[in-house]
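To start, the structure itself, in C-alpha cells.
What follows is calculated from the coordinates using simple rules that are stated; it is not laboratory data. Note that the structure is a prediction, hence the values are computed from the model and not measured. All Cβ positions, glycine included, derive from the backbone under ideal geometry; neighbour counts span all protein chains shown.
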Amino acid sequence: MSELAVTEAELHAYVDGLLPEARRVEVEAYLAAHAEDAQRVRAWREQNHAMRDLFDPVLAESLPARVLRPRLAHRIRPLLRYAAAAGLLMFGGTAGWYLHDYSVAKSVDTVAFAHRAAIAHIVYSPQVRHPVEVGADQEAHLVAWLSKCLGETLKVPQLGSLGYQLVGGRLLPGDQGPVAHFMFQDGSGQRLTLYVRNGGGGKETAFRYAQERGVSVFYWIDGRFGYALSGEVDKSELLRVAKVVYQQLNP
Amino acid sequence: MDGRDRDFVQHIPRLRRYARALTGERGRADDLVQDTLERALVKFHLWQPGSDLRAWMFTIMHNVYINQVRANASAMTTTLDDESVLPAMRATQNDRLEVRDLQIALSRVPEEQREVLLLVGLEQMTYEEAAGVLGIPIGTVMSRLSRARDRLRTLLAGGGTHSALKVVK
C-alpha cells in the first residue's frame, strides 16, 4: 500500500471542513492508518465543538444597553432601530416604537431597566422562605429604610382592593444604584413585584409593556422614580394593577 | 444608509460571540464590541462596497483588540506564550472537558494564536478569510492554528486548567 503524504495543514483543513471532497476521503484513509494523528484530529474537532457549545449562546443574548450607547449616539440611532427590528434588543419589539420618542441612550437604558425588573421578579417571586428581606409586618420600617437608601421618600401602593397584599420588600443593586423591590401576593399565591429606582429626571413616560421569560412588565417613569411592575399574569391584569399603582403613587 | 445599518446590526451577535471568547469576560467583550462599532461607523467610508462587510468588521475588531491588549499588556497574564513558564500541573478531579476548563485554557493560549483559533474554529472562517482579517500571511495562520490547537490540547488533556497561575479575570 502506497503511503499518502498528508500535510499538517491538510489535517487542520480536514477538521475545519475545508478540504475538497476527494482529498477529504484520502485524508480519512490516512487517518485510519495513523492512530496518533487521528487522535490529534479528534481532539481538535472536539475543541471546535466545545468552543461553539460554550460561546454560541452569546449569539442569542440580548444586547446590553451600553454596547449601543456609544459616544456617537447620533450615528448609532438608526442602528438601534434596526437592532430593535431584528429582535436583537431586549424586548426588541417594544424598543422599536418608543425609540422614536426618546433619546437613544435613555430609551435603551429604560429597556434595560425593565429587563432587570423582570429578572428580579424571576429570582425572588418563587422564593418560599425568604421572598423578602423585611416583611409587611414591619411596613413602616421597610418604607423608611428603603427611602433612606434611595434618598427619596417612597410610598408603597395599597393594592388590597385588587386582592393583592404586601408581602414585604428588599433592597437590590440596580445598574445606577439602589433599587427598592416590593412584593405583593393575592389569595392564590400569585405574586407581583414592584421595582423602583431613582433617576426619573423629572420626566414622565407612558406605560410601556415588555415580556421576558413569561413575565409581563409594565414600566414607566414618573417624576423622581422609575417603576416597573412585574408578574406572571395577563397583560390586562397587570395593566389593571399598574394603573392603580400609578394613581396611588401620583395623587 | 439604511442598508448599511441593517448589515451592521446583523454582524453584532457574531462580533459579540467572538469578543466573548477572545477576552473571556463579558464586560471587556462588550467594551470591545462597542469600540468596534464606533470605529466601524466612523470609518465606514473606507469600506469597499461589495466586499465582505463581516470580514471588514472583524478586522476592525482585531485592530481595536490589539490596541487594547498593548495598552493593558502589563495587567495581563494571558500573554504568556512559553510552555516552560507553565509549571507542571496535576490533573483535576474530573477529566471531562468542562466549560470552565475550556475558558481558562483558552485564556492561556497566546492572543495571536487564540485569534486564529477562534476565527477558524468558532467563527468558521476559511484560512484565507482569517489571514485577511488578521493581516497576516496564510502560512502564519496555519502555524498559529497548529500551535493553538496543540497548546489547547495539552492544557485540557493535562489538567492544565488547575490554577497554578492566577488567571486575571
Length-normalised contact order of region B:2-75, Cα under 8 Å, at least 6 apart, in percent, tallies to 29
Quick note on A:Arg170, A:Arg129, B:Arg28, ordering by fewest other C-beta atoms within 10 Å, gives A:Arg129, B:Arg28, A:Arg170
Cβ-Cβ cut-off under 11 Å around A:Phe218, Lys and Arg +1, Asp and Glu -1: the net charge is +3
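I'd like the FRET efficiency for B:Arg70 and A:Ser161, computed as 1/(1 + (r/R0)^6) with the beta carbon distance as r and R0 of 45 Å, rounded to 0.05.
Details: r = 63 Å, r/R0 = 1.40.
Computed FRET efficiency for B:Arg70 and A:Ser161: 0.10.
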Nearest-0.05 FRET efficiency for A:Asp56 and A:Glu139 at R0 = 41 Å, using Cβ-Cβ distance, is 0.30
The extension gain from B:Gln10 to B:Asn63, computed as 0.36 nm times the residue separation minus the Cα-Cα distance, is 17.1 nm
Between the modelled labels at B:Ser51 and A:Gln190 (7 Å from Cα along Cα→Cβ) the distance in nm is 5.9
Neighbour-count ranking for B:Arg147, A:Arg42 (other C-beta within 10 angstrom, fewest to most) reads A:Arg42, B:Arg147
Note to self: C-alpha centroids of region A:211-251 and region A:41-65 sit apart, in Å, by 37
Note, region A:175-190: 3J(HN,Hα) by Karplus (6.51, -1.76, 1.60, θ = phi - 60°), whole Hz, Gly/Pro = x, goes 6, 10, x, x, 10, 9, 10, 10, 10, 10, 8, 9, x, 8, x, 5
Between A:Gly168 and residues 5 or more places away or on another chain, the pairs with built amide H atoms under 5 Å apart involve A:Ala136, A:Met183
By the Cα gyration tensor axes a ≥ b ≥ c (a/c under 1.5 gives rounded; else a/b larger than b/c gives prolate, otherwise oblate), the shape of region A:8-57 is oblate
